[in-house]
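The values are calculated or read from the model by the stated rules, or taken from the named source; none is laboratory data. Everything numeric here is computed off the predicted structure, so don't read it as measured data. Here the Cβ positions follow ideal geometry from the backbone for every residue, glycine too, while neighbour counts run over all protein chains shown.
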C-alpha cells in the first residue's frame, strides 16, 4: 500500500532466480540519479550474480511543477509514511516468525517435550491472529512472544542433541574420533 502513490517510470524483471525458502534470497537494488535527472536502476541476486538494469530518462511525462508537488506531498506525509513502513516491517517480521515457528514445530514435534511445542504452537496462533488485524504494537508483542517460544524449543532441541557431540569413543568398527593438534617438528 505504500507504493500506491508512486508513479511508474519503468519496469524490468529479475529472472532466473532459483527457488529458495522464504527469506533466503538476497536482492541488492541500486538507484543512481545523475545531474541530468537520469535514473539508473539495477537489481542483482547475490547468490547467482544475475543482474538486470534499466535506465530511465527524464521523459517520464511529469512536469517540473508535478515533481515539485510530489516533493511537497512527500514531506507533508513523511510521518504517515514512516508509520506505514514500521507497520510493514512488523508484519514482515511476524510473517517470518510464523513460518519459522511452523518449521520448528514440524522439525521438533516428535523430539522434544510436548508442552514446549504446544507453547510455540499457541504463540504462533496468537501471532497469526494479530497479523489478521491492524494493531502494529500487538503484532510486535506477539512476534516477541513467538520468538521467545521458538528459542525455548530450539534450545531444548540442541540441549538434547548437541551439535558435534564427539566424545572420542570408539565406534563399532574400532575407529576412534578424536580432536588433535599438529605440532611443528621443533616442538616435539
Practice task
Kindly indicate whether any position in the range 82-103 is over 20 Å from the mean Cα position of the chain (by Cα) and either exposed (fewer than 13 other Cβ atoms within 10 Å of the Cβ) or in a helix (DSSP H, G or I) (or both).
Solution key: no
Exercise for the section: Look at residue 119 and say whether it is surrounded by 13 or more Cβ atoms within 10 Å (Cβ to Cβ) and more than 17 Å from the chain's Cα centre (by Cα). Expected result: yes
Fill in the blank from the handout: If we ask which residues in the range 17-39 are more than 26 Å from the chain's Cα centre (by Cα) and surrounded by 11 or more Cβ atoms within 10 Å (Cβ to Cβ), their number turns out to be 4
Exercise for the section: Determine whether the range 52-69 contains at least one residue that is within 16 Å of the chain's Cα centre (by Cα) and surrounded by 12 or more Cβ atoms within 10 Å (Cβ to Cβ). Expected result: no
Practice task
Would you check if residue 114 is outside the structural domain of residue 140 (by TED's automatic domain parsing) and more than 30 Å from residue 135 (Cβ to Cβ)?
Solution key: no
Practice task
Could you check, for the range 34-47, whether at least one of its residues is at pLDDT below 75 and either more than 30 Å from residue 134 (Cα to Cα) or not in a strand (DSSP E or B) (or both)?
Solution key: yes
Handout entry: Hits in the range 104-116 (condition: surrounded by 17 or more Cβ atoms within 10 Å (Cβ to Cβ) and not in a helix (DSSP H, G or I))
Key = 112
Exercise for the section: Just one of (1) surrounded by 13 or more Cβ atoms within 10 Å (Cβ to Cβ); (2) closer than 17 Å to residue 156 by Cα; (3) in contact (Cβ under 8 Å) with a residue 24 or more places away in the chain trips up residue 136, so point out which. Expected result: (2)
